[in-house]
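A short write-up of the structure that comes next.
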Amino acid sequence: MQTTSPNIVTLHACKEDEDNLKSIVTEQQSKAAVVLATNDEPLFHEAGVWMPSTKEWIVASNRLKHKSGEPHVIFSAIDVKGDVRTLDNLSSVIPMGNGGTADGKGGAYLCSQGLEDVGGAIYHTADGEKATAVVSQSSLVTCTAEEEDKNVILNSPNDICVYKQEWLLFTDPSYGYEQGFRSKPQSGEFVWVASTDGKTVAPLITSGLHKPNGICLSPDQSILYVTDTAFINGTGEMDPKLPRHVLAYDIHLSEGNGGDLLPIKLTNRRVLFKLYCRQGVPDGIKVDVDGNIYVGAGDGARIFSPSGELIGVLALEGGVANLCFGGDDLRDLLLLNEKKAVLIRMERPGVNLQ
């Protein structure tokens, strides 16, 4: 249930961008942020998909353990008043659920990290209750035009977005193996693409990434953003030599397909921005209607301009793993803080993905 918590979110603006930040979120709005829900377990970790039909967010927990010691993840639904209910069917059907995105039709796509020898997968739910696998370890994966189709078991899909209403783009790091609940990886740490019917599945980005994590598109879907969080591995160990940055790629559909297996082309790879010191890693990533980029980080939600300049920080003790816009006008920003779900009202709305 929603509770007031004075100054749960502290607003920090970059001096050169104070006016820009005020157009996105005001000091008064940050002071009015509320704790929607709390729990002794880390129930508020990933996904964060707004479901307009029920006016709730679907969220996934962090790793939990049954009394037997077996790991599991719980999906919950949380509304703008802070009422929380457990989505038992999703939790039982989707092994080790993780990130998600709206499907453009009122439903959602949700990542499954897999469990032991059961590979990762992508599930679809139309209503937040029932779910079916769209991409699973039985999916045929074509690596190149020269190679034959081959069965590839995904690692632990982490986050997903929908491109042009026809393609699913999702990250597949090996965190499940590093965290001890998945078998040894059989494929690289890639970004994958799948048709929404699951009939075509293939790697999209196979190099230049260490641990692809969050993924989203610019409002006009001309730029693909991918967070690389290799700085912290699955056991929590840090390696300063490895990246904690956000990559940007220009993305477009090739005309006429030219005989290629996939019509999606990526060009102009660049590091858009990096995090430093106590800022942690850029985990979840979202954009607003103006193209500003929001990332969950160790010190809260960091807001960057489309060109990668830091605008300001919604500072929250304990950091933000993921975040999601919702509400009827998409101006309610949900911050997932592991054991807390925090709501802040924004000036600018998120992108309408439904």
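The values are calculated or read from the model by the stated rules, or taken from the named source; none is laboratory data. Quantities reported herein were computed from a predicted structural model and do not represent experimental measurements. Note that each Cβ is placed from the backbone with ideal geometry, even for glycine, and that neighbours are counted across all protein chains shown.
Residues checked against (1) among the hydrophobic types (A, V, I, L, M, F, W, C); (2) farther than 23 Å from Gln165 by Cα; (3) touching a His at 6+ places or on another chain (Cβ under 9 Å):
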| position | (1), (2), (3) |
| --- | --- |
| Ile223 | yes, no, no |
| Ile251 | yes, no, no |
| Arg270 | no, yes, no |
| Arg278 | no, yes, no |
| Gly284 | no, no, no |
Do you know which residues across region 224-244 are surrounded by fewer than 20 Cβ atoms within 10 Å (Cβ to Cβ) and either part of a strand (DSSP E or B) or among the aromatic types (Phe, Trp, Tyr) (or both)?
Ile232, Met238
Would you be able to say whether some residue in region 227-243 is out of contact with any strand residue (DSSP E or B) (no Cβ under 9 Å at 6 or more places or on another chain), touching a residue at least 60 places away in the same chain (Cβ under 8 Å) and among the small types (Gly, Ala, Ser)?
yes
Within region 233-255, of all residues that are within 21 Å of Leu310 (Cβ to Cβ) and out of contact with any Leu (no Cβ under 8 Å at 6 or more places or on another chain), the one modelled with the lowest pLDDT is Pro240
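Might you let me know whether region 276-286 holds any residue that is of a type in the set (Val, Ile, Thr) and within 24 Å of Val9 (Cβ to Cβ)?
Step one: list which residues in region 276-286 are of a type in the set (Val, Ile, Thr), which gives 281, 285.
Remaining after also requiring within 24 Å of Val9 (Cβ to Cβ): 281, 285.
So far as region 276-286 goes, yes, one or more of its residues are of a type in the set (Val, Ile, Thr) and within 24 Å of Val9 (Cβ to Cβ).
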Just for region 290-313: of the residues that are among the aliphatic types (A, V, I, L, M) and either outside any strand (DSSP E or B) or out of contact with any His (no Cβ under 8 Å at 6 or more places or on another chain) (or both), which one is nearest to Leu334 (Cα to Cα)?
Ala301
Members of region 46-60 found to be outside any strand (DSSP E or B) and either under 12 Å from Asn322 (Cα atoms) or among the small types (Gly, Ala, Ser) (or both), listed by number
Ser53
Can you tell me which of (1) at pLDDT below 95; (2) crowded, with 17+ Cβ neighbours inside 10 Å; (3) on the phi > 0 side of the Ramachandran plot is the one Cys277 doesn't meet?
(2)
Of the numbered conditions (1) in contact (Cβ under 8 Å) with a residue 24 or more places away in the chain; (2) farther than 21 Å from Cys161 by Cα, Met51 fails exactly one; give the number of that condition.
(2)
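Residue under question is Val281, and the condition is that it be closer than 20 Å to Asp159 by Cβ, in a loop (DSSP other than H, G, I, E, B), without any contact (Cβ under 8 Å) to a residue 40 or more places away in the chain and aliphatic (A, V, I, L, M); does it hold? Walk me through it before giving the result.
On the way: closer than 20 Å to Asp159 by Cβ: yes; in a loop (DSSP other than H, G, I, E, B): yes; without any contact (Cβ under 8 Å) to a residue 40 or more places away in the chain: no; aliphatic (A, V, I, L, M): yes.
Taking the combined requirement at face value, the residue does not satisfy it.
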Would you mind finding the one in Ile293, Ile303, Ile285 that is touching a helix residue (DSSP H, G or I) at 6+ places or on another chain (Cβ under 8 Å) and crowded, with 21+ Cβ neighbours inside 10 Å?
Ile303
When you scan region 38-47, do you find a residue that is within 18 Å of Ile344 (Cβ to Cβ), out of contact with any Asp or Glu (no Cβ under 8 Å at 6 or more places or on another chain) and at pLDDT 95 or above, even just one?
yes
Could you grab the pairs with beta carbons closer than 7 Å, sequence gap of 6+ or different chains, first residue in region 11-35 and basic (Lys, Arg), second one outside any helix (DSSP H, G or I)?
Lys31/Asn7
Being at pLDDT below 95 and within 23 Å of His252 (Cβ to Cβ), is that true of even one residue in region 114-134?
no
Can you tell which of Asp250, Asp220, Asp197 is touching a Ser or Thr at 6+ places or on another chain (Cβ under 6 Å) and either surrounded by fewer than 21 Cβ atoms within 10 Å (Cβ to Cβ) or among the small types (Gly, Ala, Ser) (or both)?
Asp250
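With the structure loaded, tell me whether Gly318 is in contact with a Phe, Trp or Tyr (Cβ under 8 Å, 6 or more places away or on another chain), at positive phi, part of a loop (DSSP other than H, G, I, E, B) and not aliphatic (A, V, I, L, M) or whether it fails that test. Steps first, please.
Details: in contact with a Phe, Trp or Tyr (Cβ under 8 Å, 6 or more places away or on another chain): no; at positive phi: yes; part of a loop (DSSP other than H, G, I, E, B): yes; not aliphatic (A, V, I, L, M): yes.
For Gly318, the condition - in contact with a Phe, Trp or Tyr (Cβ under 8 Å, 6 or more places away or on another chain), at positive phi, part of a loop (DSSP other than H, G, I, E, B) and not aliphatic (A, V, I, L, M) - is not met.
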